[in-house]
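Here is the structure we will look at, set down as structure tokens.
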Amino acid sequence: MKNTFILLIIAFMAIGCDQANKTGSALSNDNQITIGHIDSLQSDILGETRKILVHLPVNYQEGKKYPVLYVLDGDGNFNTVTGLMKQLSTNSKVLPEMIVIAILNTNRSRDLIPTKVDIDYRTGNKLEYDSGGGTAFLDFIEDELIPYVDSTYPTSSYRTYVGHSFGGLSVIHALTTRSHLFNNYLAIDPSFWWDNMAYMETVDTLLSVNDYSNKGLFVGIANTMIGGQDYATVEEDTLGTSTHIRSVLKFSKSLEKKDNGLNFEWKYYPEENHFSIPLITEYDGLRFLFDWYDFKVRYEILYTELFSTDEALEMVKSHYENVSQKMGYENKPDESLINRLGNRYLQDKKFDQAANLFDLNIANFPTSDNVYDSRGDCYLAVGDSLKAVEFYRKALELGDNDYSQEKIDRISKALKK
């Protein structure tokens, strides 16, 4: 009889190995694809109503808190950032699942430029847009937006701030004047040419004297050279047409020499212009800033014999302890990873180790039907069909699924023979 159950469990593994992938559909009841919703709050600091676009994680769970990614120019960046979140957190799991808050503009230049300038130094003409409201905008973020988001959505205190062009200035302004607000800063081709690089010189000084330990910054630089300008010599150029790239290169090369504790990297994208660079920089920047989150030996543990059972379990434990330390709160081992590892040990007939892993998933994710289904597989593998049915039924209570019911039906037929 025990051999019969072993054969059954091998067949069932094809059904229940990773049922968690069936959750998180992007289709709403009216067959519209939904990636977020519009929210708003009244700002007394700015004297206006501000709208935000909100994206919750695909596998959103009640009672769980999530890091938050704040991105400027929300109307232009919301789709790309949420797409990256789905691919990198839900699918490949190299980023944590995050809540995305995309801030829509009202008076963009006023809010994002930190210093007030009325005359364009390049032409001598009066500027036709506002500037200098960057500090008030950060007041709004710190005193109104973040408290509103934290009180409305299940957030953790781990935050990332992303901005492009003038938004890149806002990111650097936040890093240098309010480094307590965010853990990570991502500046995309920031407009350091502003005011003939005067603001860049100011923040360069701040970055020289302050401590930025446990903070991360990634800067992406576009190819904004024109005519016969060349990357190898552009820093020696004096033409106004090269001011933008010269300013960002000067800032980045100066910063990488500083001993201020900042986890910093910059990258030049020769094939990207100022308007095409956001997507690729967001990808590379988030990968750099969350490099420690990726469990890099995931596939070696799951699909090779490089590590013993004890070694694999110790590596999982050590990795998630490090992630928890980085993020400032407990991060439980990924449900899918533990489930797959348990299934691997089940196939190798390491039943005790498999049972321990499935029990860990039940303790960490008690509302997931899949964790009970997998525990049922484990009981079935050792010949305990009654306990297997008990856990399959528990899975059905939590999620009306075909695979658990199918297993119960197969067990019933097998017992009748």
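The values are calculated or read from the model by the stated rules, or taken from the named source; none is laboratory data. All figures in this text were calculated on a predicted structure; none of them were measured in a lab. Ideal geometry is used to build each Cβ from the backbone, glycine not excepted, and the neighbour counts take in all protein chains shown. Protein only, heavy atoms only, side chains kept; ligands, DNA and RNA dropped before computing areas. Shrake-Rupley method; radii C 1.70, N 1.55, O 1.52, S 1.80 Å.
For segment 369-417 and segment 178-243, what is the centre-to-centre distance using only Cα atoms, to the nearest Å?
Rounded to whole Å, the Cα centres lie 59 Å apart.
Taking amide hydrogens as modeled 1.01 Å from N in the peptide plane, which residues meet the under 5 Å criterion relative to TRP266, leaving out close sequence neighbours?
VAL219
Take each uninterrupted DSSP H stretch in the chain, measure its Cα extent along the helix axis, and return the ones at 15 Å or beyond whose mean Kyte-Doolittle hydropathy is at least 0.0. Spell out each step's value before the answer.
Numbers: long enough: 2-16 (20 Å, 1.88); 74-85 (16 Å, -0.03); 166-177 (16 Å, 1.23); 198-209 (18 Å, 0.77); 243-255 (18 Å, 0.04); 277-289 (17 Å, 0.59); 309-327 (27 Å, -0.94); 335-347 (18 Å, -0.74); 351-364 (20 Å, 0.15); 369-381 (19 Å, -0.77); 385-398 (20 Å, 0.04); 402-416 (21 Å, -1.23).
Helix filter hits for the chain: 2-16, 166-177, 198-209, 243-255, 277-289, 351-364, 385-398.
Which whole-number percent gives the relative contact order of the chain, counting Cα pairs below 8 Å spaced six or more residues apart? Intermediate values should be presented prior to the final figure.
Numbers: 647 pairs, mean separation 57.9, N = 417.
Reported as a whole number, the value is 14 percent.
Could you state how much accessible area LYS93 has, in square angstrom rounded to the nearest 10, with a 1.4 Å probe and all protein chains kept in place?
40 Å²
Only sites in a loop by DSSP and with at most 16 other Cβ atoms within 10 Å count here; which GluC sites (Glu not before Pro) in segment 97-174 make the cut? Mind dumping the intermediate values first?
Details: sites: GLU97, GLU128, GLU142, GLU144; in loops: GLU97, GLU128.
In loop regions of segment 97-174 (DSSP not H, G, I, E or B), the sparsely surrounded GluC sites (Glu not before Pro) are GLU128.
What area, in nm² and to one decimal, does the C-alpha convex hull of segment 148-229 cast on average over all directions? Don't skip to the end; give the middle numbers.
On the way: hull surface 27.6 nm².
Orientation-averaged projected area of the Cα hull: 6.9 nm².
From the P(r) of segment 200-253, can you give the percent of Cα pairs sitting at distances over 17 Å?
Details: 644 of 1431 pairs.
Roughly 45 percent, rounded to a whole number.
Return the long-range amide H neighbours of LYS93 (sequence gap of 5 or more, or a different chain), with a cut-off of under 5 Å between placed amide H atoms.
HN-HN under 5 Å from LYS93: empty list.
What does the charge count around LYS394 come to, taking other residues whose C-beta lies under 14 Å from its C-beta (Lys +1, Arg +1, Asp -1, Glu -1)? Working shown, then result.
Numbers: positive: ARG375, LYS387, ARG393, LYS407; negative: ASP359, ASP369, ASP373, ASP377, GLU390, GLU397, ASP400.
Neighbourhood net charge equals -3.
Under 30 Å between alpha carbons: how many lysine pairs meet that in segment 220-349, if sequence neighbours fewer than 8 apart on the same chain are excluded?
Step by step, the pairs that qualify in segment 220-349 add up to 21.
Ranked from highest to lowest mean number of other Cβ atoms within 10 Å per residue, what is the order of the peptides 227-236, 342-351, 266-275?
On the way: 227-236: 10.5, 342-351: 17.7, 266-275: 14.1.
Descending mean neighbour count gives 342-351, 266-275, 227-236.
Please list 3J(HN,Hα) in residue order for segment 102-110, calculated via the Karplus relation 6.51 cos²θ - 1.76 cosθ + 1.60 where θ = phi - 60°; whole Hz, with x for glycine and proline.
Couplings: 9, 8, 7, 7, 10, 10, 4, 5, 4 Hz.
Could you tell me which residue out of LEU415, LEU239, ASN260 lies farthest along the dipole of the chain toward its positive end? Charges go on the beta carbon: Lys and Arg +1, Asp and Glu -1, centred on the Cα centre.
LEU415
So, R0 is 25 Å and r is the distance between the beta-carbons of ASP75 and ASP130; what FRET efficiency does that work out to, to 0.05?
Once rounded, the FRET efficiency stands at 0.85.
In cubic angstrom, how much convex hull volume per residue do the alpha carbon atoms of the chain span? Working shown, then result.
Details: hull volume 69.6 nm³, N = 417.
Spread over its residues, the Cα hull of the chain gives 167 Å³ apiece.
Report relative contact order for segment 292-417 in percent, whole number only (criteria: Cα-Cα under 8 Å, sequence separation at least 6). Write out the running numbers ahead of the final one.
Working: 114 pairs, mean separation 18.7, N = 126.
Reported as a whole number, the value is 15 percent.
Could you look at the chain and say what percent of its accessible area is carbon and sulfur, using a 1.4 Å probe and all protein chains?
Carbon and sulfur atoms account for 49 percent of the accessible area of the chain.
If you take the C-alpha gyration tensor of segment 332-417, multiply each eigenvalue by 5 and take the square root, what semi-axes do you get, largest first, in whole Å?
Details: eigenvalues 85, 50, 16 Å².
Semi-axis lengths for segment 332-417 are 21, 16, 9 Å.
Eight or more residues apart or on different chains, and alpha-carbon atoms under 20 Å: count the Lys pairs in segment 19-162 matching that. Show your work: numbers first, answer last.
Working: LYS22/LYS64; LYS22/LYS86; LYS22/LYS93; LYS64/LYS86; LYS64/LYS93; LYS65/LYS86; LYS65/LYS93; LYS116/LYS126.
Lysine pairs, 8 or more places apart or on different chains, close enough: 8.
Give me the percent of DSSP beta bridges within the chain that run antiparallel, rounded to the nearest 5. Walk me through the numbers before you get to the answer.
Details: 13 of 39 bridges.
Expressed as a percentage, antiparallel bridges in the chain total about 35.
For ASP237, what is the net charge nearby, where nearby means another residue's Cβ is under 11 Å from its Cβ and Lys, Arg count +1, Asp, Glu -1?
Numbers: positive: ARG246; negative: ASP230, GLU235, GLU236.
Residues near ASP237 contribute -2 overall.
Leaving out ligands and nucleic acids, and using a 1.4 Å probe, what accessible area per residue does segment 310-417 come to in Å²? Walk me through the numbers on the way to the answer.
Working: 5330 Å² over 108 residues.
With all protein chains present, segment 310-417 gives 49 Å² per residue.
Taking the Cα centre of segment 73-127 as origin, sum charge times position over the Cβ atoms of Lys and Arg (+1) and Asp and Glu (-1), and report the length of that vector in debye to the nearest 20.
Details: 7 positive and 6 negative charges, 18 e Å.
It comes to approximately 80 debye.
Keeping all protein chains in position, work out how much accessible area ARG375 exposes to a 1.4 Å probe, and write it in Å² to the nearest 10.
20 Å²
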